[in-house]
Structures are given as structure tokens and as C-alpha cells.
1. How big is the gap, in Å, between the Cα center of region 13-32 and the Cα center of region 153-212?
2. Give the long-range amide H neighbours of ILE123: residues separated by 5 or more places, or on another chain, with amide H under 5 Å away, using H modelled in the peptide plane at 1.01 Å from N.
3. What angle do you read, to the nearest 10 degrees and between 0 and 90, between the alpha-carbon axis of helix 195-210 and the longest principal axis of the chain?
4. Using the Kirkwood formula on the Cα atoms of region 119-210, what hydrodynamic radius do you get, in angstrom to one decimal?
5. Measure nothing fancy, just the Cα-based angle from helix 98-109's long axis to the longest principal axis of the chain, in degrees from 0 to 90, nearest 10.
6. Using Cα pairs closer than 8 Å and at least 6 residues apart in sequence, work out the relative contact order for the chain, in percent.
7. Springs between alpha-carbon atoms under 10 Å, Gaussian network over the chain: tell me which of PRO193, PRO21, PRO151 tops the mean-square fluctuations.
8. Non-local amide H neighbours of GLY145 (under 5 Å, H modeled in plane, Pro and chain starts lacking H): which ones?
Amino acid sequence: MEAQQHRRTIASYVPPQAFAPRARAALRGLGYRVVPAATQGRFDDASWKPDLRLVDAQHLDRLPAGESAGPIIVLAGGRTPELDDARVVGIALRPAAVGALYPLIQRALEQTPRRAARAPAQIPARCSHADRRWTGEVRSLSETGCLLRSPAEMALGLEFNLLFPLPLGRMVSTRARLVDRRKDQAGVVFCRPSAPVREAIADYVERRLATL
């Protein structure tokens, strides 16, 4: 789980409203400490060495020059600007949600980056394939897949229907494929989940991470 890793410091040069609700708390749950740059002094202070910086597109030129700034994620409003700056690892639109920030942060800071943030879970699940039915428990969840605990026999590559509830009365129903199996733990990816399914999962992940 990412929250168990050592914390990395992300310097924020944007106001709190540039983030989606719960985004900063969720990043903290993932092991990333978001620190307002104003607490460190001048905007262009080169003596501070955070792991990554978040800055508004209009203020990019105010950061320390050259490689001393480290990797940078730009937050933009309305449309994605064209930037010619090797330090910029990606651009996210305001208000920036975890789903947009997380893959950029991972790509900038982690040796084996993940595509989507995942949160711990204990959610009962029902599975079906043809005329076969079995149960399991979702142990961690992301927009792209989950870790499913089940004693049922499942072969790698198996595609099946997966159904599980989320808070607020939401029910997730999606096609899934088994990509990894270790004892009773199955790594599952979702096969073309619908937009409502992705949105419901993203909301759960963000809410759950914000409580860690």
C-alpha cells in the first residue's frame, strides 16, 4: 500500500481551491505530504528542495531556474497550455483531483509507477461466468482494477462478471479479467468499465484515502 512508503514532499504554489475536495487529504493517505510553499518563504527560494512542485501555469517562470526546481506539475484552468519546459512532467486541470494528479506524481517520483491510486477495502463481491457463480471480497480497489480474495478456482486470463456495492447505495457491475493469482488473492483488471462505474470507484478511493 502506498501509504506505508516513506513520505515525499510536494510543494504547492497554488491556493487550496486549485485542488478538488479531499484531494490533498487523499494524497496524504498515499504517502505524499503537500506543503504550501508560502510557509517556506520566497516564491523563488532555491534553498528548499521538495521532491516535486505544483504550480499555476502563469507562475511557472517564478520557480527556481534550471534543474534545481526538480520535477514540476502545472495546474491550468480552462484549457491545457503548450509548455516548452523540460522540468514539467505533466499538466492537470483545476480543480485537480487525485485521479489526474496521481499518475503524474507516480511517473515523476516512483521507479515502478502505478496508473491509478488504490485504496484498502473490505467489500463483499459476487462473481459469475457462464452458469458458474462464486463469491469473494474486494481487498483493495482502484479505477483500473482490484485485489479480490476468493477461495474459488480461477484460471489466469478468465473473464467474468463482477458485482460489488459501494457506499451511498451505489452498485458496481463490470466485466473483469484475472491477471495474477497467489493463493486466495487474485489480481483483477476491469474490462472497459463504464463512466459511471469509474466515477463511483474514483469517489470511493478518494474518500477512503482521505481517512487514512
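A short reminder: the numbers here are calculations on the coordinates, not readings from a lab. Given the structure is predicted, the values throughout are model-derived calculations rather than measurements. Cβ: placed from backbone, ideal geometry, glycine included. Neighbour counts: every protein chain shown.
1. Cα centroid to Cα centroid, the span is 24 Å.
2. Those lying under 5 Å, H to H, from ILE123 are VAL138.
3. Tilt relative to the chain: about 70 degrees.
4. Hydrodynamic radius (Kirkwood, Cα pairs) of region 119-210 is 13.0 Å.
5. Tilt of helix 98-109: around 70 degrees.
6. So the answer I get is 17 percent.
7. Between PRO193, PRO21, PRO151, it is PRO151 that shows the largest mean-square fluctuation.
8. Answer set, sorted by chain and number: PHE190.
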